Each structure stands twice: as C-alpha cells, then as structure tokens.
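Read the structure below first, then the notes.
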Amino acid sequence: VGLVYMFNLIVGTGALTMPKAFATAGWLVSLVLLMFLGFMSYMTTTFVVEAMAAANAQLRWKRMEKRKDDEDEDSSSGVSDSDVLLQDGYDRAETRPILSVQRRGSPNIFEITERVEMGQMASMFFNKVGVNLFYFCIIIYLYGDLAIYAAAVPVSLMQVTCSAIGNHSCSVGDGTKYNDTDKCWGPIRRIDAYRLYLAAFTLLLGPFTFFNVQKTKYLQIVTSLMRWIAFILMIILALIRISRGQAEGHPSMAQLSGIRNLFGVCVYSFMCQHSLPSLITPISKKKHVNKLVLLDYILILAFYSLLSFTAIYCFRNDTLMDMYTLNFTNCEIINIAFIRYFLGLFPVFTISTNFPIIAVTLRNNWKTLFHREGGTYPWVVDRIVFPAITLIPPVLVAFCTHDLESLVGITGAYAGNGIQYLIPAFLAYCSRKDTQLVFGSGTVNKHLSPFRHTFWIVFVLIWGFSCFVFVTANIVLSESKL
C-alpha cells in the first residue's frame with residue numbers, strides 16, 4: 001500500500017506536461033535524461049530513508065538516556081522541554097516504554113518506527129543556517145506548486161469552454177494556435193476568460209488557506225481513481241490512433257534548446273522526497289524497502305516513457321499542448337463528448353483537491369520558519385497575515401503567465417533541484433557524521449543507502465550545483481537572444 005501511495009504521489013501534474021517537453025527536446029535526449037534523473041531520484045530517496053533511520057536512532061537513544069537519568073534521580077517528572085521540542089509533538093512515542101519493548105523483541109536501534117519529517121531531520125542534523133535554507137527551499141517549491149495549480153485549472157477551463165461555446169467547437173487540439181487576444185465568447189477575449197476563471201478559483205479555494213484541511217481520505221481516493229482512468233484513457237486513445245495509421249508525430253532525435261524545460265519537468269515529475277517519512281514509516285516490514293522502492297521507480301519510468309512516446313508519435317510537435325489532456329478535446333481524436341470533457345476538465349477536479357492541502361502545508365512552513373521558542377503569534381498574524389502571504393504570490397504569478405511548461409520547468413529546476421538532490425545528500429552526510437559521534441565508528445545503520453560511499457554524496461552535490469548553473473545560464477542566454 002505504501003508503494004502504491006508513492007506511485008500515486010510521483011505520477012501527478014508533472015506527467016501531464018511531460019509529452020510537450022519530450023517533443024521539444026527530442027525523443028533520444030528525453031529518454032536518456034529521464035532514465036538518468038530517475039536513477040538520481042532513487043539514489044536520493046535511499047539517502048532520505050537512511051537519514052530517517054539515523055533520526056529514529058537518535059530519538060530512541062535520547063529517550064533511553066533520559067530514562068536512565070530519571071531512574072538515577074528516582075524522579076518521575078515526565079518529559080523535559082528540550083525533549084518535547086525535539087520530538088515536535090510526538091507525545092505518544094515519548095511515553096512509550098522503550099525498555100519493555102526491547103526486552104520483548106530487541107528491535108534494532110535504527111528501526112524506523114516514528115515519523116520524522118524532513119524539517120525535523122533538518123533541525124536535528126543541520127546548523128541554524130542549514131535549517132533556514134531548508135525551509136526557504138521547501139517554501140519556494142510549494143509556491144511554485146501553487147502557481148502551477150492556480151494556472152492549470154483556469155487554462156483547462158478556458159480551453160474547454162472557449163472551444164465548446166465559440167465558433168471553433170471541438171477544435172482545441174486540432175493544431176489551430178489561439179492567441180490570448182482571440183475572442184472567446186462575444187466581446188470577452190481568451191485571456192479575459194482565463195482571468196475570470198482564475199478569480200473564481202481563488203475565491204472558491206483560497207479561503208481554505210485560512211483554515212485547516214482535514215479528513216481528505218475520500219477526496220484522495222476519488223482523485224487517484226480519476227487520475228488512473230485519465231492516464232490509461234490517454235495512452236489507449238493514442239495507441240488506437242497510431243495503430244489506425246492516423247499518427248501525425250515525427251519527433252526529432254535531439255534538440256538541445258528544449259533540455260532546460262525537460263530537465264525541470266523531469267525533476268518535478270520524480271518529486272517524492274519531501275513526503276517519504278509519511279509513506280515509509282507505516283510500512284511494517286522494511287527489510288527490503290530499498291528494493292521495493294527501486295521496483296516502484298522502474299514502473300514509473302516505464303509509465304512516463306509509455307505516456308510520452310505515445311503522445312509524441314500520435315500528435316504533431318506543434319499541436320502538443322502544455323497540458324496533455326487538452327489534446328483529447330478534439331472531435332477527430334475522440335467523438336464521445338463525455339470522454340472529451342472528462343479529459344479536458346480532469347486537471348480541474350484533481351488539482352482542486354490538492355490546492356488547499358498544499359496551501360495549508362506552505363502556511364505551516366512559514367509559521368515554523370518564524371517560530372520563536374515559547375512564543376505565540378497575535379491573532380491577526382496567525383489567521384490573516386500567514387494565509388495571505390501563502391495565497392497572494394502564486395495567484396499573482398498565475399495572473400501574469402499561464403505558460404505551464406515554463407512554470408513546471410523553473411519550479412523543478414530550482415526548488416525541486418534543492419529538495420530532490422541537495423537536501424537529501426546533506427542529510428545523508430550529516431546524519432552519518434552524527435551517528436559516528438553518538439554511537440561510535442563501528443556502528444552500522446541497518447537502513448544504510450546502497451550508495452554508501454562518500455563518492456555518491458559528492459557526485460549528487462556536484463550534479464545539483466552544476467544543474468543550478470546550467471539552468472541559470474540557459475535562461476540568461478535565451479533571454480539575451482530574445
């Protein structure tokens with residue numbers, strides 16, 4: 001179940017922008033880069049699992065030391081303030097009788113039994129500057145996520161409704177290129193329709209940022225089902241069209257100009273590191289967790305390749321939309337109206353359920369970043385200022401641009417790069433140092449990454465930093481050409 005959740009988490013919105021990125025970079029370059037970035041993402045996933053085990057060992061060790069001190073003082077005063085802060089709310093775990101558990105089954109000290117989130121690991125293993133950089137990276141990534149979501153829903157609504165109501169019914173994916181200034185309905189232009197939908201989206205989902213979002217289980221189940229139906233439908237429809245000899249795609253082998261966006265889209269599409277503690281911790285038997293995660297990555301790689309290759313051979317490069325689902329709103333592709341509207345509006349349903357959850361996560365990260373020990377925020381700051389600074393920037397970005405491929409590319413290439421490569425590598429390095437200091441040089445973490453040599457950490461760090469340089473240089477060069 002944990003691995004199914006991981007599959008669902010990774011195969012998300014990023015996958016919908018991948019076919020266009022594949023087409024602009026060329027099929028061979030795209031496949032090689034996709035496989036390489038999949039391998040890099042798997043490596044850093046094993047680093048995060050290793051850091052989680054080290055964090056669990058440290059918490060367990062601290063509790064055992066505390067219990068010894070309490071027994072020596074013959075005191076039952078409970079948990080100290082510093083321990084509560086360290087545990088970050090894991091009260092049940094604090095009071096669990098570790099020694100009786102040890103007598104019963106003698107678990108390894110590195111067993112992952114408590115959920116230790118990335119932020120908590122950062123505060124355990126990094127210094128103050130490192131912790132602040134970590135939160136800065138997470139916040140930028142979540143802002144990018146929200147901007148992508150805020151643009152994707154109005155774009156889908158605009159494309160579907162302007163085609164259904166206007167004179168060009170059924171022609172969203174027929175290769176006709178529409179400008180934002182083209183008419184949508186009557187005097188209203190397409191860009192006006194987009195902004196009206198963005199305003200409605202903000203008014204409907206924005207207020208959730210000011211409250212807590214809970215009990216989303218059934219929403220998530222429905223979203224996952226819809227996602228699977230949509231992806232399988234798109235692959236089948238593209239394959240049917242190719243088998244009938246109606247394929248129009250003639251993708252090139254390599255186009256270096258498209259690599260920048262493809263890199264960002266691929267990084268964004270393999271993102272799961274920030275959610276690993278919630279996914280891995282509940283798995284009961286973790287002995288083969290790294291092998292099972294590898295299997296997950298191989299399946300995801302095959303799925304992405306299948307989706308992208310069917311897309312680039314089915315549709316001409318210039319007709320592939322930023323949001324791949326919109327290519328199926330053309331009557332020639334599929335003449336069943338329900339399927340056309342289901343695929344065209346698919347991002348609206350799925351993204352709308354995720355937007356409030358990510359907004360609340362971002363708001364809570366802002367609160368954690370500015371948190372002072374023992375201090376509470378005034379009501380206005382807590383309930384108005386933090387939600388406002390969460391909601392306004394992504395909506396403004398979505399108001400200024402609806403170029404989804406670029407939004408996904410930039411979010412993945414910068415913040416995604418930090419979360420997927422740099423932070424896990426630093427966590428693995430610092431947790432190994434801490435483990436040696438606390439438990440001695442002979443101690444072996446049972447969840448040690450298969451990439452245990454320091455070379456791999458250095459390799460990931462060099463790769464991450466060189467990606468920053470490459471993407472920035474590429475943006476500067478392409479801007480100066482314009």
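The values are calculated or read from the model by the stated rules, or taken from the named source; none is laboratory data. Nothing here was measured: the structure is a model prediction, and the numbers come from that model. Cβ sites come from the backbone with ideal geometry, for glycine too, and all protein chains shown count toward neighbours. Side chains included, ligands, DNA and RNA excluded: accessible areas come from the protein's heavy atoms. Shrake-Rupley method; radii C 1.70, N 1.55, O 1.52, S 1.80 Å.
Values as computed for the structure displayed
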| quantity | calculated |
| --- | --- |
| All helices (runs of 4 or more DSSP H) inside region 390-482 with 3 or more residues being of a type outside the set (D, E, K, R) and surrounded by fewer than 18 Cβ atoms within 10 Å (Cβ to Cβ) | 423-439, 454-481 |
| Residue list for region 304-328, filter: aromatic (Phe, Trp, Tyr) and either under 11 Å from Leu343 (Cβ atoms) or crowded, with 22+ Cβ neighbours inside 10 Å (or both) | Tyr304, Phe315, Tyr324, Phe328 |
| Residues of region 362-383 satisfying the condition of being open to solvent by 60 Å² or more (accessible area, probe 1.4 Å) and in contact (Cβ under 8 Å) with a residue 12 or more places away in the chain | Thr368, Glu373, Arg383 |
| Subset of region 423-455 [over 17 Å from Ala53 (Cβ atoms) and modelled with pLDDT of 90 or more] | His453, Thr454, Phe455 |
| Residue list for region 299-351, restricted to those being within 23 Å of the chain's Cα centre (by Cα) and free of Cβ contacts under 8 Å to residues at least 60 places away in the same chain | Ala302 |
| Boolean, Leu142 is modelled with pLDDT of 80 or more, open to solvent by 30 Å² or more (accessible area, probe 1.4 Å) and over 30 Å from Glu332 (Cβ atoms) | no |
| Residue count for region 20-62, restricted to those that are open to solvent by less than 10 Å² (accessible area, probe 1.4 Å) and charged (D, E, K, R) | 1 |
| Residue within region 202-216 that is modelled with pLDDT of 75 or more and among the charged types (D, E, K, R) present | no |
| Considering residues of region 162-201 that are modelled with pLDDT of 85 or more and open to solvent by 60 Å² or more (accessible area, probe 1.4 Å) only, the residue farthest from Ala147 (Cα to Cα) | Arg189 |
| All positions within region 357-389 that are part of a helix (DSSP H, G or I) and of a type outside the set (A, V, I, L, M) | Thr361, Arg363, Asn364, Asn365, Trp366, Lys367, Thr368, Trp379, Asp382, Arg383, Phe386, Pro387 |
| Among (1) modelled with pLDDT of 85 or more; (2) open to solvent by 80 Å² or more (accessible area, probe 1.4 Å); (3) farther than 25 Å from Gln420 by Cα, the one test that Leu295 misses | (3) |
| Matching entry among Leu204, Leu225, Leu219 (being open to solvent by 70 Å² or more (accessible area, probe 1.4 Å), farther than 21 Å from Met35 by Cα, over 20 Å from the mean Cα position of the chain (by Cα) and not basic (Lys, Arg)) | Leu204 |
| The listed residue being in contact with a helix residue (DSSP H, G or I) (Cβ under 8 Å, 6 or more places away or on another chain) and small (Gly, Ala, Ser), out of Ser252, Ser243, Ser284 | Ser252 |
| Any chance Tyr341 is open to solvent by 20 Å² or more (accessible area, probe 1.4 Å), among the hydroxyl-bearing types (Ser, Thr, Tyr) and farther than 14 Å from Gly144 by Cα | yes |
| Qualifying residues in region 269-285 (those that are open to solvent by 40 Å² or more (accessible area, probe 1.4 Å) and in a helix (DSSP H, G or I)) - the one modelled with the lowest pLDDT | Ser278 |
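Here's the yes/no breakdown for (1) under 24 Å from Leu437 (Cα atoms); (2) in contact with a Ser or Thr (Cβ under 8 Å, 6 or more places away or on another chain); (3) at pLDDT below 90:
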site	(1), (2), (3)
Ile10	no, yes, yes
Val32	no, no, no
Met35	no, no, no
Glu65	yes, no, yes
